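K.L.:
Let me give you the structure first, and then I'll get to my questions.
The values are calculated or read from the model by the stated rules, or taken from the named source; none is laboratory data. Quick caveat, the model's predicted, so the values are computed rather than measured. Counting neighbours? That spans all protein chains shown, and the Cβs are built from the backbone with ideal geometry, glycine included. Side chains included, ligands, DNA and RNA excluded: accessible areas come from the protein's heavy atoms. Shrake-Rupley method; radii C 1.70, N 1.55, O 1.52, S 1.80 Å.
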Amino acid sequence: MSHPFRVGVIGAGRVGSVLAAGLRSAGHTVVSAAGESDASRSRAADLLPGVVLRKPSDVARDAELLLLTVPDDMLPNVVQVLAASGALHAGQVVAHTSGRHGLAVLAPAAALGARVIALHPAMTFTGTAVDLDRLHGCVFGLTAGPEEREIAQGLVADLGGTANWVPESMRTLYHAGLAHGANHLVTLVSEAMGLLAAAGVDDPAGTLRPLLDAALDNALAHGDAALTGPIVRGDVQTVAAHLADIAANAPDTLPSYVAMAWATLDRAVTDGRLLPIRAHTMAGVLAGYDENAPHLARGHAAMRTRLEAEQA
């Protein structure tokens with residue numbers, strides 16, 4: 001293991017409690033945690049039995065390694081308040097778990113001589129013991145200065161994860177990729193289950209599971225080459241029928257279906273899998289539903305212009 005730290009965690013939520021428990025199981029000592037909600041206190045009791053819950057400033061003062069696992073938008077204020085209160089000190093390792101933020105948000109801590117690290121687990125958390133096994137093999141998006149890289153890598157190794165270095169300037173884009181893939185996937189799958197339920201399918205989740213498992217595996221392995229379905233095949237009438245039935249039976253899902261259809265059409269045209277004449281016809285069908293979500297028309301106007309030029 002890496003050098004054993006006395007660990008304090010501010011934000012005993014789903015992420016903080018699990019990471020602290022993982023570090024404790026690797027030989028670090030979790031001395032205290034801060035969490036105000038009933039859910040945080042319950043998680044701390046389950047995952048960190050015996051760990052004292054204290055005020056954030058007290059947690060920070062006693063920790064050699066301070067984990068800041070608060071929401072992204074709260075992080076700048078938390079760092080500033082801790083620095084102003086005198087709770088941070090030189091030589092202390094201060095690490096946050098935000099995907100969006102890098103080292104700049106920790107500047108008040110660095111100004112006091114703290115060693116700062118951005119350490120983001122690319123994983124969704126339940127806040128239960130189930131997550132501890134999921135840490136093994138989890139990729140952590142790391143940003144650190146040259147003198148802190150070894151510490152950051154050691155912490156990830158202790159958690160059973162894999163280090164992936166993200167430049168400071170690319171943190172937001174890195175996080176956007178994860179959120180677009182994971183969070184929007186949940187929305188997409190939930191909407192798909194809703195369509196199947198509206199169609200009378202008894203077990204929407206069970207019906208989708210093998211299809212989605214295969215689609216995800218193929219997409220991760222082959223990218224756009226894994227695309228199948230009516231848009232890539234140029235089945236214009238099928239897509240038109242989809243749109244009409246969704247508009248009639250599940251109108252709330254129509255904007256996202258149209259948006260994803262535009263994006264899929266764009267990728268199919270770009271990689272040459274759909275002939276321009278068929279793509280132009282498909283674009284016309286989708287454009288007919290842009291009035292239901294007018295912002296979509298602007299986002300794909302360039303593609304339609306290109307298709308029209310090729311058609312001419």
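K.L.:
Using only C-alpha positions, report the orientation-averaged shadow area of the convex hull of region 121-171, nm², one decimal. All intermediate terms of the calculation are to be shown ahead of the outcome.
P.N.:
Values: hull surface 14.7 nm².
Mean shadow area of the hull around the Cα atoms is 3.7 nm².
K.L.:
Leaving out ligands, DNA and RNA, and with a 1.4 Å probe, what % of the accessible surface on the chain is carbon or sulfur?
P.N.:
Working: 8910 of 15720 Å².
Reported share for carbon and sulfur atoms: 57 percent.
K.L.:
Now, a different point. So what does HIS184 come to for accessible area, using a 1.4 Å probe and Å² rounded to 10?
P.N.:
Counting only protein heavy atoms, the figure is 100 Å².
K.L.:
Let me ask something additional. Which value, in Å², gives the accessible area per residue of the chain when a 1.4 Å probe is used on the protein heavy atoms?
P.N.:
Computed with neighbouring chains in place, this is 50 Å² per residue.
K.L.:
Nearest 500 deg cm²/dmol is fine: what mean residue ellipticity at 222 nm does the chain get from its DSSP H runs of n ≥ 4 alone, each adding -39,500 (n - 2.57), divided by its residue count? Before the final figure, lay out the partial values.
P.N.:
Details: 15 runs with 168 residues, N = 312.
Per the formula, -16500 deg cm²/dmol.
K.L.:
Oh, and also: Given the protein chains as shown and a 1.4 Å probe, how many square angstrom of MET193 are accessible, to the nearest 10?
P.N.:
60 Å²
K.L.:
Let me ask something else about it. List the residues, sorted by chain then number, that are 5 or more residues from ARG115 or on another chain and whose placed amide H is less than 5 Å from its amide H.
P.N.:
GLY91, GLN92, VAL93, VAL94
K.L.:
Then there's this: In debye to the nearest 20, how big a dipole does region 1-142 give about its Cα centre with +1 on each Lys and Arg Cβ and -1 on each Asp and Glu Cβ?
P.N.:
The calculation lands at about 160 debye.
K.L.:
Can you list the residues, at least 5 places off or on another chain, whose amide H is less than 5 Å from the amide H of THR162, using H built in the peptide plane?
P.N.:
GLY137, CYS138, VAL139, PHE140
K.L.:
By how many nm would the segment from ASN183 to LEU216 lengthen if fully extended, with 0.36 nm per residue of separation less the alpha-carbon distance?
P.N.:
Gain on stretching ASN183 to LEU216: 10.4 nm.
K.L.:
From the Cα gyration tensor of region 207-280, with a ≥ b ≥ c the square roots of its eigenvalues, which class applies: rounded if a/c is under 1.5, or else prolate if a/b is larger than b/c, or else oblate?
P.N.:
Judged from the Cα gyration tensor, region 207-280 comes out oblate (a/c at least 1.5, b/c at or above a/b).
K.L.:
If you take the square roots of the eigenvalues of the alpha-carbon gyration tensor of region 1-96 and sort them as a ≥ b ≥ c, do you get rounded (a/c under 1.5), prolate (a/b over b/c) or oblate? Walk me through the intermediate numbers first.
P.N.:
Details: a/c = 1.68, a/b = 1.13, b/c = 1.49.
Cα axes put region 1-96 in the oblate bin.
K.L.:
Quick one: Debye curve from the alpha-carbon atoms of region 67-211 only, equal weights, vacuum; give me log10 I(q)/I(0) at q = 0.12, 0.14, 0.21 Å⁻¹ to two decimals.
P.N.:
For the requested q values the scattering log ratios are -0.59, -0.74, -1.29.
K.L.:
Please state the charge dipole magnitude for the chain, taken about the Cα centre, from unit charges on C-beta atoms (+1 on K and R, -1 on D and E), reported in debye and rounded to the nearest 20.
P.N.:
Computed about the Cα centre, the dipole is about 600 debye.
K.L.:
What ³J(HN,Hα) values, in whole Hz, does the Karplus curve 6.51 cos²θ - 1.76 cosθ + 1.60 give for region 174-182 when θ = phi - 60°, with x put for Gly and Pro?
P.N.:
For region 174-182, the Karplus-derived couplings read 4, 5, 4, x, 5, 5, 5, x, 8 Hz, x marking Gly and Pro.
K.L.:
At R0 = 45 Å, how high is the FRET efficiency between ASP38 and ALA226 if r is their beta carbon distance? Nearest 0.05 is fine.
P.N.:
So the FRET efficiency works out to roughly 0.55.
K.L.:
Let me know the shape class of region 28-82, please: from the alpha-carbon gyration tensor, a ≥ b ≥ c as square roots of the eigenvalues, rounded when a/c is under 1.5, otherwise prolate if a/b is greater than b/c, or oblate.
P.N.:
Numbers: a/c = 2.04, a/b = 1.30, b/c = 1.57.
In terms of gyration-tensor shape, oblate.
K.L.:
I would also like to ask the following. Output ³J(HN,Hα) for region 130-145: one whole-Hz value per residue in order, computed from phi by the Karplus curve 6.51 cos²θ - 1.76 cosθ + 1.60 with θ = phi - 60°, and x for Gly and Pro.
P.N.:
In residue order, the calculated couplings are 4, 5, 4, 5, 6, 5, 6, x, 5, 8, 10, x, 10, 9, 7, x Hz.
K.L.:
With θ set to phi - 60° and the Karplus curve 6.51 cos²θ - 1.76 cosθ + 1.60, what are the ³J(HN,Hα) couplings of region 16-33 in order, to the nearest whole Hz, using x for Gly and Pro?
P.N.:
The phi angles translate into x, 5, 5, 5, 5, 5, x, 5, 5, 5, 8, x, 7, 10, 8, 8, 6, 8 Hz.
K.L.:
Quote the accessible area belonging to THR124 in square angstrom, nearest 10, computed with a 1.4 Å probe and with ligands, DNA and RNA left uncounted.
P.N.:
Rounded to the nearest 10, the figure is 100 Å².
K.L.:
In region 123-248, if the dipole is taken from +1 on Lys/Arg beta carbons and -1 on Asp/Glu beta carbons about the Cα centre, which of MET123, SER190, THR228 is farthest to the positive end?
P.N.:
Sorting the options by dipole projection puts first THR228.
K.L.:
Also, quick follow-up: Name the long-range amide H neighbours of VAL70: under 5 Å, sequence gap of 5 or more, or other chain; modelled H, no Pro or chain starts.
P.N.:
THR97
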